[in-house]
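Notes follow once the structure below has been shown.
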Amino acid sequence: MGDGHGAFKSTQVSKASVWLERTPLYPPAFALSPRNVRVVPGATATFDGKVCIKVEMVAKQFALDHRGAWNGNVEDDGVKGTPEPQVTWYRNGDRLTAGGRLNIECGPRGTFGLHIAKVTAADAGKYCCEVSNEAGTKQVIVELALQSGAANEHRMTGNS
């Protein structure tokens, strides 16, 4: 059962009423977008970010008459929630997977990261971070650039 705006499930049935819970769908958003990174060859490049997780669930009570038919009354108890977005990284249109020098993290409360160890000239370029759920998709493009000099990681000031 659904209306295109969320999933419904029956949570309680009695002769007097049926409780249905609807979880509204909200498109994902970045609370903290990944930023461009500049590193020296051999260093680790880290792209970190955080997605918004909107917690809102609406429960509705549909009152039934003595024959089990809906009598038209609806009550909203104000309880609210949504699905957590999935984070996917791409390079040159190809989906990245963890392994080797690549580490992809999805942490608690919407935090995520892409870590590239022992960066080489071949790693330089643009990366796409995509967050998606049933309600939509958002993308941000970030760039990994190489620099000469100190072996410490350095974040670029701009974002593409």
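The values are calculated or read from the model by the stated rules, or taken from the named source; none is laboratory data. Bear in mind that the values here come from a model prediction, so they are computed numbers and not experimental data. So basically every Cβ, Gly included, is an ideal-geometry build from the backbone, and we count neighbours across all protein chains shown.
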Quiz item: Which ones in region 41-61 are of a type in the set (A, V, I, L, M, F, W, C), more than 30 Å from Ala124 (Cα to Cα) and either assigned to a loop (DSSP other than H, G, I, E, B) or at pLDDT 50 or above (or both)?
Solution: Ile53, Val55, Met57
Exercise. Being exposed (fewer than 15 other Cβ atoms within 10 Å of the Cβ) and modelled with pLDDT of 95 or more is the filter here, so list the residues in region 66-93 that pass it.
Key: none
Quiz item: Can you find a residue in region 14-31 that is within 13 Å of Val131 (Cβ to Cβ), in a strand (DSSP E or B) and either at pLDDT 85 or above or in contact with a helix residue (DSSP H, G or I) (Cβ under 6 Å, 6 or more places away or on another chain) (or both)?
Solution: yes
Self-check item: Residues of region 91-130 classified as in a helix (DSSP H, G or I) and within 16 Å of Gly49 (Cα to Cα), total
Solution: 3
Quiz item: Considering region 99-111 alone, what residues qualify as being modelled with pLDDT of 95 or more and not charged (D, E, K, R)?
Solution: Gly99, Gly100, Leu102, Asn103, Ile104
